[in-house]
Amino acid sequence: MFASAIVVALAAAQVITIPLQKAPRQIDRAIAPIETAGLAFAGTCNDWDEWDKPAPPVRIYGNTYLVGTCGISAILITGSDGHALIDAGTEAGADLIARNIRSLGFRLTDVKFLLHSHEHFDHVGGMARLQQLTGTQLVASSAAAAVFKTGAAGPGDPQAGMHPPIRAARVDRIIKDGEEVRTYDLALTAIATPGHTPGALSWTWTSCEDRGCRRIVYADSLTAVSRDDYRFTDHPQLLAAFRASIARIAALDCDILLAPHPSASKIIDRLGGRAPLENRNACRDYASDLTKQLDERLAKEAAK
């Protein structure tokens with residue numbers, strides 16, 4: 001009897017420690033499984049597709065879902081105490097994202113955090129709309145918060161003036177590099193990756209299912225795209241930050257790579273079974289491609 005009491009006490013102690021550890025949520029129920037929904041996505045979408053072309057939602061791994069359009073990613077990470085959504089697409093795309101979330105059986109009002117990659121209208125133009133639909137808080141970097149407040153890109157953005165303004169959205173929390181967005185069983189870490197925009201963030205978290213846990217990285221675009229009169233070589237501080245951001249992506253613990261534009265991470269081939277979903281070298285390969293693109297851009301500037 002005494003031994004049985006010890007076993008019961010130990011079992012109770014183990015249950016108590018789970019909330020304190022905030023273990024990543026494990027998902028075993030297949031909603032929009034990648035085996036079928038991934039093929040549907042790959043069959044619907046083309047590389048560098050239209051931003052507002054509807055796409056089916058896909059369970060990438062565990063509690064991580066791709067809920068965006070063919071041309072713009074949006075990532076839903078679900079938890080027992082609320083969900084996080086990264087990126088909002090265009091204003092028109094926001095309703096497509098909302099529809100995908102509902103089709104998975106999740107309530108929009110259970111989204112507890114709206115997060116962002118970089119502050120351009122194709123990725124956050126729908127943020128005000130999703131804030132209206134969810135009633136939840138928007139978490140942003142300080143530089144991105146200024147854009148959400150005014151709707152216009154700031155002067156430090158290489159693409160300032162190229163795009164129409166977005167609807168202003170209320171920022172509820174400023175997040176800094178290395179800080180977390182956390183609920184009972186979710187923990188997403190913000191990684192400041194300025195370059196493509198001053199306020200760009202990448203994100204990393206762990207998703208689990210019966211096959212084990214995987215480290216997922218949502219890496220910002222980090223491409224050297226700008227208006228015609230902008231020269232990266234004339235902005236050495238931004239250029240240094242750009243290279244540092246690429247290096248940070250390369251160094252991340254990365255089992256599964258996602259990106260704001262689906263094609264940037266070759267997700268269509270991966271969902272279609274033409275390339276592996278998991279690749280421990282994905283972040284390093286992504287960073288290598290970004291470095292090559294940046295060097296090519298600088299070479300063009302030097303040649304003028």
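The values are calculated or read from the model by the stated rules, or taken from the named source; none is laboratory data. Since the structure is predicted, the reported quantities are computational estimates derived from the model, not experimental observations. As a convention, Cβ positions derive from the backbone with ideal geometry for all residues, glycine included, and neighbour counts pool all protein chains shown. Just the protein is used for accessible areas: all its heavy atoms, side chains included, with ligands, DNA and RNA removed. Shrake-Rupley method; radii C 1.70, N 1.55, O 1.52, S 1.80 Å.
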Conditions: (1) under 19 Å from the mean Cα position of the chain (by Cα); (2) over 26 Å from ARG227 (Cα atoms); (3) outside any loop (DSSP other than H, G, I, E, B). LYS176 meets all but one. Number of the miss?
-> (3)
Taking segment 205-217 only, how many residues are open to solvent by 30 Å² or more (accessible area, probe 1.4 Å) and either farther than 27 Å from THR183 by Cβ or free of Cβ contacts under 8 Å to residues at least 40 places away in the same chain (or both)?
-> 1
So, in segment 217-239, of the ones that are of a type in the set (A, V, I, L, M) and part of a loop (DSSP other than H, G, I, E, B), which residue ends up nearest to THR206 (Cα to Cα)?
-> ALA219
Tabulated pairs, segment 91-109, first in contact (Cβ under 8 Å) with a residue 60 or more places away in the chain and on the phi > 0 side of the Ramachandran plot, second open to solvent by 10 Å² or more (accessible area, probe 1.4 Å) and not charged (D, E, K, R), C-beta under 8 angstrom, 6+ apart or interchain = GLY105/ILE31
Taking segment 100-149 as the search range and keeping residues that are small (Gly, Ala, Ser) and assigned to a helix (DSSP H, G or I), which one is surrounded by the most Cβ atoms within 10 Å (Cβ to Cβ)?
-> ALA144
Buried (at least 21 other Cβ atoms within 10 Å of the Cβ) and part of a loop (DSSP other than H, G, I, E, B): does that describe GLY68?
-> yes
Can you tell me which residues in segment 261-289 are assigned to a helix (DSSP H, G or I), under 16 Å from ALA37 (Cβ atoms) and not charged (D, E, K, R)?
-> PRO262, ILE267, ILE268, LEU271
Selection within segment 149-168 - within 22 Å of ILE191 (Cα to Cα) and touching a residue at least 40 places away in the same chain (Cβ under 8 Å) = ALA153, GLY154, GLY156, ASP157, PRO158, GLN159
For residues in segment 159-204 being more than 18 Å from LEU130 (Cβ to Cβ) and acidic (Asp, Glu), which is surrounded by the most Cβ atoms within 10 Å (Cβ to Cβ)?
-> ASP185
Which is among the acidic types (Asp, Glu), closer than 28 Å to ALA145 by Cβ and open to solvent by 30 Å² or more (accessible area, probe 1.4 Å), of ASP285, ASP220, ASP295, ASP234?
-> ASP234
